[in-house]
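Note sheet for the following structure.
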Amino acid sequence: MSVKSSDTVKKQKIDAGQGTTKQVLIDGDEAPNFALRRFEIEPGGGMPLHTNKVEHEQYVLGGKAHIRIGDREYDVGKDDVIYIPAGVPHSYDSTGDEPFVFLCVVPNKEDRIEIVEADD
């Protein structure tokens with residue numbers, strides 16, 4: 001078991017994104033099945049279209065974003081819940097005046113991000 005303040009977890013800059021950081025709040029050393037991550041994307045920042053080898057379950061804590069999942073696009077905000085299947089291209093563009101912040105749960109399996117060339 002583990003209890004800690006999220007303030008004690010280092011923010012890591014995501015090089016593939018613009019104005020994007022990640023905190024790994026619970027990792028594979030603390031929990032056998034899932035990792036819990038917190039992402040923050042500054043206004044005007046984002047993540048390009050990419051895929052991951054693992055699925056994502058996400059809960060939006062604050063801010064707004066325009067996201068793409070496969071061939072569909074959504075405007076999301078606080079309290080929205082997002083599911084991204086493994087291997088499906090997705091992207092994020094933070095909109096509004098405050099950071100887009102969300103929790104992301106992923107299986108503790110090998111993952112790899114691959115940038116996808118946009119087709120539009």
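The values are calculated or read from the model by the stated rules, or taken from the named source; none is laboratory data. Since this is a predicted model, take the numbers as computed values, not measurements. Counting neighbours? That spans all protein chains shown, and the Cβs are built from the backbone with ideal geometry, glycine included. Heavy atoms of the whole protein, side chains included, go into the accessibility calculation; ligands, DNA and RNA do not. Shrake-Rupley method; radii C 1.70, N 1.55, O 1.52, S 1.80 Å.
Loop-only check: which trypsin sites (Lys or Arg not before Pro) in segment 46-120 are DSSP coil with at most 14 other Cβ within 10 angstrom?
Listed in order of number, the matching sites are K53, K78, K109, R112.
Please list the non-local residues whose amide H lies under 5 Å from the amide H of K78, H modeled 1.01 Å from N, same-chain partners needing a gap of 5 or more.
Here G63 satisfy the definition.
Quick one: accessible area per residue over the chain, 1.4 Å probe, rounded to a whole number of Å²? Working shown, then result.
Numbers: 7280 Å² over 120 residues.
Averaged over the residues of the chain, the accessible area is 61 Å².
Take Y59, Y83 and sort them by solvent-accessible surface of the protein heavy atoms, 1.4 Å probe, largest at the top.
Final ranking, largest accessible area leading: Y83, Y59.
Within the set of other residues whose C-beta is less than 9 Å from the C-beta of K22, count the net charge using Lys and Arg as +1 and Asp and Glu as -1.
On the way: positive: K11, K13, R37, R38; negative: E40.
For residues surrounding K22, the net value is +3.
What label, among (i) 2, 11, 19, 19, 15, 12, 9, 7, 4, 1, 0; (ii) 2, 11, 22, 23, 17, 12, 8, 3, 0, 0; (iii) 2, 12, 20, 26, 21, 12, 5, 1, 0, 0, belongs to P(r) over Cα pairs in 5 Å bins from 0, in percent computed from the structure on display?
Matching entry in (i) 2, 11, 19, 19, 15, 12, 9, 7, 4, 1, 0; (ii) 2, 11, 22, 23, 17, 12, 8, 3, 0, 0; (iii) 2, 12, 20, 26, 21, 12, 5, 1, 0, 0: (iii).
Sort T20, T8 by heavy-atom solvent-accessible area, probe 1.4 angstrom, most to least. Please list the in-between numbers first.
Values: T20 5, T8 100 Å².
Correct descending sequence by accessible area is T8, T20.
What dipole magnitude, in Debye to the nearest 20, does the chain give about its Cα centre under +1 on Lys/Arg Cβ and -1 on Asp/Glu Cβ?
440 debye
If Lys and Arg each add +1 and Asp and Glu each add -1, what is the summed charge of the other residues whose beta carbon sits under 11 Å from the beta carbon of E40? Don't skip to the end; give the middle numbers.
On the way: positive: K11, K13, K22, R37, R38; negative: E42, E98.
After counting each charged neighbour, the total is +3.
Quick check: the distance between the Cα centres of segment 1-67 and segment 76-104, to the nearest angstrom?
Result: 10 Å between the Cα centres.
What part of the accessible area of segment 25-88, given as a whole %, is carbon or sulfur when the probe is 1.4 angstrom?
With neighbouring chains kept in place, the figure for segment 25-88 is 52 percent.
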